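Here is the structure we will look at.
Since every read-out is calculated from the coordinates, none of them should be taken as a lab result. All values derive from a computational prediction rather than experimental measurement. Here the Cβ positions follow ideal geometry from the backbone for every residue, glycine too, while neighbour counts run over all protein chains shown.
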Amino acid sequence: MQPLGGAGEAALVPYAHNPDLIAEPRTAAEVVAAVRHAAERDLPIGVHATGHGLSVPLDGGVLIDTVHLDGLWIDPETRIARVEAGVRAGTLLEAAAEHGLAPLSGSSPSVSVIGYLLGSGLGLLARHYGYAADRVRALKLVTADGELRRLVPGDALFGAVLGTVGAFGVVTAVELELLPVAEIYGGQLVFDAELTGPVLDAWRAWAATAPETVTSSAGLLTYPDLEQLPPFLRGRSVVSLRIAFEGSAAEGERLVAPLRAAGATITDDLRTMPYAQSGSIHREPPEPHGYAATNAALRGFDADAQHALLAVTGPDTVVDIRQLGGALREPGRSGAAIDFREAEFLVRVITAADGPGPVPALDAVRTALAPLTLGHQLGFLYGAADAAGEAQTRAGFSPGTYDRLAALKAEYDPAARFRATRVIVPER
Ligand SMILES: Cc1cc2nc3c(=O)[nH]c(=O)nc-3n(C[C@H](O)[C@H](O)[C@H](O)COP(=O)(O)OP(=O)(O)OC[C@H]3O[C@@H](n4cnc5c(N)ncnc54)[C@H](O)[C@@H]3O)c2cc1C
C-alpha cells in the first residue's frame, strides 16, 4: 500500500480519483488485503487500470491500481487465455497472434482487457462473433467482504460482473476464449467532412445488406493540428468508414466497392492485415483523455436520425456510429448483463470534458435520438460525473435486469463500497 501520489495517467483526467491510499497489488492476495483494509475502515474502493474509462471519481478511500497484475498465459490447445487485470488489449493481441489466435478485441489496443470485458466488449468482429464478454469462461473476483471468488457461467454473480464495469468488486483475472483468426481485411476510408451526408447515406444503404462477417462503423471527427499527424489529416474535419471483414482480399474489395464510390477519399488504407494490427483501424489516441461521452443503442438509424444527429454535433464532438446486429442479437452463453441485444446501431458521442456538470452537447444528442433509442451501453460512458448516477445505470438495462443487479448488490456489496464506477443502489 502506498501513500497518494502514483495514480499515473489518471492525473491527466479532469475527473481524477482523489483517494487517501493507492494500492498497487502484484497478486490476487494483495488485492484481497487492500479490499479488507478498506472494509475494516468502512472506506470506498476504486479501481484504476488505464484511465481510459473514468466515470465517477473516488473521493477518499482506497484506489486499487492494477498495473502490476500483468500475468498473461495462453493455452493454444484449448484456445483459452488467462489474463490478469493490468494487461492491455494490445499485449493480448500480440501474444495470441503468436499462436494464430485472436481475442474479440475492440477499437483501442490501449484499454485494459478486463475493463473492456466488464463493459460488454463490443469488438471489431462483433457482428460475426457477438460480445467479447460472452467469451469469458471464468473470472476471479474480490468482493467487498474481501473474499476471492472463482466464478463461472451459471453463477448469478458471474453474469452480473460482465456488463457493470466494476460495480461488484475487483476482477483480478479472467479466462477468455480466443478464436482462430490470423488475418482480416480492413482499414479506413476517410473523406472530407463536406461529404458527410452522401457518405453516411451510402454507408446506411450498404449496411442494410452487408453480411454478418463484416463489422463496420462511421466516424465524424476533427483532427487536432498536431505535428505527429499526417499533413493531410492535421486540423481537418473528416467522415470515415471503418471496416473489419473476415474474408479474402478479393471478397473484401468487392464488398467495399459501393463505399469507395461514395466520393473522393483523403486516404484509403483498406487491406489484408494480421489481426494483431487491427488496433490500427480506428487510429485512436493511445493516452487517456478527459472525455465526457454518451451513447444510444438504436432500433434503427434512418435518414431522420442521421439528420437529427448531424444537427446537434459538430467540430467539438467525436461521433462513432457502429452497426450492430448479426451475432450480437444472440442471448450469449455467459449470462452477461448486456441488454438491448436487438439494437441495430450504437451511436456514441464524445466531447472534451473540462469539468463536472452536465454537458449540453450530449444532452442534445440524447434528445435528438430519443425516438429510436432503446437504452445505452455502460461500457462507453465516461466523464460527466454528475450524470453518472443510478438513473444512468438503469438506462443501461431492462427494468428486470436492473432489479436483479440491485438484489445482488445488496447481497455482495450492501455498503456500496464499489461506488466509484457505475452506480447500482443495493436493493432495500
Ligand atoms: C479510445 C477508446 C476506444 C474504445 N473502444 C471500445 C470498443 O471498441 N469496444 C468497447 O466495448 N469498448 C471500447 N472502449 C470503452 C472501454 O472498453 C471502457 O472505457 C473500459 O471501461 C476501459 O477500461 P480500462 O480498464 O482500460 O479503463 P479504466 O479507466 O482504468 O477503468 C474503467 C472502468 O473499469 C473498471 N475496471 C477496470 N479494471 C477493473 C478490474 N480489474 N476490476 C474491476 N473494475 C475494473 C474501473 O473501475 C472503471 O470504472 C473504448 C474506450 C476508449 C477510450
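Sort 28-34, 150-156, 171-177 for me by packing, meaning the mean count of neighbouring Cβ atoms within 10 Å per residue, highest on top.
171-177, 28-34, 150-156
Going by average Cβ density within 10 Å per residue, which order do the peptides 247-259, 132-144 take, highest to lowest?
Order by mean packing, descending: 132-144, 247-259.
Can you compute 3J(HN,Hα) from phi for each residue in segment 188-205, using the Karplus curve 6.51 cos²θ - 1.76 cosθ + 1.60 with θ = phi - 60°, rounded to whole Hz and x for Gly and Pro?
In residue order, the calculated couplings are 10, 9, 10, 10, 5, 4, 4, 8, 3, x, x, 5, 5, 4, 5, 5, 4, 5 Hz.
What residues qualify as long-range amide H neighbours of G290, i.e. H under 5 Å apart, gap of 5 or more or another chain, H built at 1.01 Å from N?
Here the answer is A353, since their amide H atoms fall under 5 Å of that of G290.
Please give the length that would be gained between A261 and H307 if that part of the chain were fully extended, namely 0.36 nm times their separation in residues minus their C-alpha to C-alpha distance (nm, one decimal).
Computed gain between A261 and H307 is 14.4 nm.
Starting from the Kirkwood Rh over alpha-carbon pairs, what translational D in µm² s⁻¹ does segment 266-366 have by Stokes-Einstein at 10 °C and 1.306 mPa s? Display every interim value, and only then the final one.
Details: Rh = 16.2 Å.
This corresponds to a translational diffusion coefficient of 98 µm²/s.
In terms of the Cα gyration tensor, with a ≥ b ≥ c the square roots of its eigenvalues, is segment 366-428 rounded because a/c is under 1.5, prolate because a/b exceeds b/c, or oblate?
Details: a/c = 2.93, a/b = 1.59, b/c = 1.85.
Because a/c hits 1.5 or more and a/b fails to exceed b/c, segment 366-428 counts as oblate.
Using alpha-carbon pairs under 8 Å, 6+ residues apart, how would you state the relative contact order of segment 72-180 in percent?
Result for segment 72-180 is 32 percent.
Using modelled backbone amide H atoms (1.01 Å from N, in-plane), which distant-in-sequence or interchain residues come within less than 5 Å of L374's amide H?
A297, L298, R299
Between A370 and V425, what is the label-to-label distance in nm when each label sits 7 Å out along the Cα-to-Cβ direction?
Label at A370, label at V425, 2.2 nm between them.
Between Q228 and A205, 0.36 nm times their residue separation minus their Cα-Cα distance comes to what?
4.8 nm
Please state the relative contact order of the chain as a whole percent: Cα pairs under 8 Å, 6+ residues apart?
On the way: 1056 pairs, mean separation 84.4, N = 428.
Relative contact order here is 20 percent.
Which one of M273, G314, P286 has its Cα pushed farthest toward the positive end of the charge dipole of segment 263-336, where Lys and Arg give +1 and Asp and Glu give -1 at the Cβ?
Highest projection toward the positive end goes to M273.
Each residue of segment 115-125 in turn: what ³J(HN,Hα) in whole Hz from Karplus with 6.51, -1.76, 1.60 and θ = phi - 60°, glycine and Pro shown as x?
Once θ is set to phi - 60°, the couplings for segment 115-125 become x, 4, 5, 5, x, 3, x, 8, x, 5, 10 Hz.
Relative to the longest principal Cα axis of the chain, at what angle does helix 28-40 sit, 0 to 90 degrees, rounded to 10?
Here the helix axis deviates by roughly 60 degrees.
Relative to the longest principal axis of the chain, what angle (0 to 90°, nearest 10) does the C-alpha long axis of helix 399-412 take?
So the inclination is approximately 30 degrees.
Determine which residues of segment 169-185 fall in the zone a paramagnetic label at A138 would reach in this model, i.e. backbone nitrogen under 18 Å from the point 7 Å along Cα→Cβ.
Label zone hits: 171-178.
In nm, to one decimal, how far is the modelled label at S398 from the one at E194, with both set 7 Å along Cα→Cβ?
Using points 7 Å along Cα→Cβ, the separation is 4.8 nm.
Take I266, I45 and order them by how many other Cβ atoms sit within 10 Å, fewest up front.
So the residues, fewest neighbours to most, are I266, I45.
Among H289, H128, rank each residue by its count of other Cβ atoms within 10 Å, from fewest to most, as a rough exposure measure.
Starting with the residue having the fewest Cβ neighbours, the order is H289, H128.
What's the FRET efficiency of E98 with E212 using the Cβ-Cβ distance as r and R₀ = 30 Å, to the nearest 0.05? Before the final figure, lay out each step's value.
On the way: r = 28 Å, r/R0 = 0.93.
Approximately 0.60, to the nearest 0.05.
If you average 1/r over all unlike Cα pairs in the chain and invert the result, what Kirkwood radius do you get in angstrom?
21.8 Å
Please give the charge dipole size of the chain, origin at the Cα centre, charges +1 on K and R Cβ atoms and -1 on D and E Cβ atoms. Round to the nearest 20 debye. If you can, show how the numbers build up before the last one.
Values: 34 positive and 50 negative charges, 120 e Å.
Dipole about the Cα centre, nearest 20: 580 debye.
For a quick check: with amide H placed at 1.01 Å from N, whose amide H comes under 5 Å from A173's, ignoring anything fewer than 5 positions away on the same chain?
K140
Applying 1/(1 + (r/R0)^6) with R0 = 56 Å to the Cβ-Cβ distance of L148 and R299, what FRET efficiency is obtained, to the nearest 0.05?
0.85
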